[in-house]
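Input: a single structure, listed below in structure tokens.
The values are calculated or read from the model by the stated rules, or taken from the named source; none is laboratory data. Owing to the predicted nature of the structure, the values given are computational and were not obtained by experimental measurement. So basically every Cβ, Gly included, is an ideal-geometry build from the backbone, and we count neighbours across all protein chains shown. SASA here: full protein model, heavy atoms, side chains in, ligands and nucleic acids out. Shrake-Rupley method; radii C 1.70, N 1.55, O 1.52, S 1.80 Å.
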Amino acid sequence: MAKKRRHKKRRHLRVGRLILLILIVLALTAGIFVFHYKQQLRPVAEKGEAVRYTVSADSSLKQVTAGLEEAGLIRSANAAYYYMALNGNKTVYAGDFSLSPAMTTQEIMDTISDQSNAIIDEAKITIIEGDWCKDIATKISEATNVTYDELIALWNDADYIRSLSEKYPFLSEEMFSENVRCYLEGYLAPDTYSFYPETDAKTVTEKILDQTLVEYDQFKDDISVSSWSVHQIYTLASIVQYEASSPEDMAKVAQVFYNRLNAQMPLQSSVTVCYALDLDKSTQSWMACEVNSKLDSPYNTYLHQGLPPGPIMNPGAEALNAVLHPDSSMEGYYYFMADVKTGEIHYAKTLEEHNANVAQYGVVH
């Protein structure tokens with residue numbers, strides 16, 4: 001009887017030890033899992049710049065966590081998913097968020113599960129008809145992280161611009177004259193653009209050129225049958241844009257310039273002198289352009305026959321249309337000038353008629 005009790009006691013002891021061993025193994029396993037889980041929630045890097053990360057509206061939580069891991073913002077998609085599940089939250093919001101690899105997984109998931117953290121600001125800049133490259137670069141640099149110098153350097157990078165010519169057929173070899181101040185002058189379409197405050201020069205540039213392409217596509221058939229090259233058309237359109245304000249006068253001025261070009265007369269446009277002077281348009285006087293007709297510059301159309309090396313500003317669609325569809329009723333007219341008081345443009349066929357207009361209205365163009 002005592003022997004049976006001892007045997008039963010030993011069996012209970014072995015079972016107890018086995019249970020204890022199982023509990024120890026489970027505890028160790030749980031400890032390892034918790035340790036590994038916490039490690040996976042740690043930041044990917046000690047330091048790291050914030051990036052703009054987009055959560056798509058149609059993405060599931062698993063897709064979002066997988067995307068974060070792929071972007072190098074978290075260590076483990078599974079750990080991020082479990083974190084959300086353990087906290088009873090499987091909701092993430094669509095939008096753009098500022099995230100950094102120096103943030104913990106918890107911080108990242110908490111950020112994108114709070115809609116108020118979504119970035120809603122956009123940098124808007126408006127390019128107006130007549131802006132110069134430098135004006136546009138200044139506007140963009142004031143609204144984004146892209147610097148003025150970065151933009152001007154890129155807009156004068158012939159290799160970069162050539163790499164875009166297949167996508168943007170209005171970019172041609174004719175642009176790359178050594179006398180051109182800014183290769184993309186004339187090709188930065190006037191419009192209102194939205195950019196992320198954190199962006200880069202190429203993204204900004206190609207977004208603008210996308211709009212230029214939209215405008216070019218409106219006129220490409222007319223351009224293809226023109227006797228003038230794309231670069232010549234954009235160059236003349238920029239002068240017309242500077243000289244006239246209404247579509248009607250643009251078409252008339254365009255015809256006057258064609259008349260002069262066909263007659264081998266110099267354009268003698270004072271606005272090309274304005275561009276050659278490279279003054280601040282907000283403060284410069286029109287008189288500075290008028291009294292510097294002998295300025296030594298390839299852009300000075302008083303000294304040099306034909307068109308200048310390239311556009312002298314960025315024209316709008318109305319100026320392009322005027323150059324492609326000039327007012328034929330102005331054939332035979334070779335002169336025009338603007339009334340300094342009213343801005344009305346007066347046209348003349350002969351120099352005598354023009355001088356009479358000058359005497360009456362005051363300002364030669």
Checklist outcome for this item: Carbon plus sulfur, as percent of the 1.4 Å-probe accessible area of the chain, comes to 52 percent
Checklist entry - Given 0.36 nm per residue, what is the gain on full extension from Glu344 to Thr203 after removing their alpha carbon distance, in nm? => result 46.7 nm
Item to check | Theoretical FRET efficiency, 1/(1+(r/R0)^6), r = Cβ-Cβ of Leu23 and Ile119, R0 51 Å, to 0.05 | outcome: 0.55
Checklist entry - Accessible area per residue of the chain at 1.4 Å probe, in Å²? => result 54 Å²
Checklist entry - Using a Gaussian network for the chain with springs between C-alpha atoms less than 10 Å apart, which of these wobbles most: Leu99, Leu86, Leu295? => result Leu86
Item to check | Potential extension, Gln39-Glu331 segment - 0.36 nm per residue separation minus Cα distance | outcome: 97.1 nm
Checklist outcome for this item: Residue-normalised 222 nm signal for the chain, counting each DSSP H run of n ≥ 4 as -39,500 (n - 2.57), nearest 500 deg cm²/dmol, is -15500 deg cm²/dmol
Next on the checklist: Give the residue list of trypsin sites (Lys or Arg not before Pro) in segment 280-353 that are DSSP loop and have at most 11 other beta-carbon atoms within 10 angstrom.
Outcome noted: Lys294, Lys341
Checklist entry - Ordered by packing density, taken as the mean number of other Cβ atoms within 10 Å over each peptide's residues, highest first, how do 110-116, 53-59 rank? => result 110-116, 53-59
Next on the checklist: Taking 20 °C and 1.002 mPa s as the conditions, I'd like the Stokes-Einstein D for the chain in µm²/s, using the Kirkwood hydrodynamic radius from alpha carbon pairs.
Outcome noted: 84 µm²/s
Item to check | Inter-site label distance for Ile128 and Gln360 at 7 Å from Cα along Cβ, in nm | outcome: 3.1 nm
Item to check | Cα-centre dipole for the chain with unit charges at Cβ (Lys and Arg positive, Asp and Glu negative), debye to 20 | outcome: 5640 debye
Checklist entry - If the chain between Glu107 and Leu279 were fully stretched, how many nm would it gain, using 0.36 nm times the residue separation less the Cα-Cα distance? => result 56.8 nm
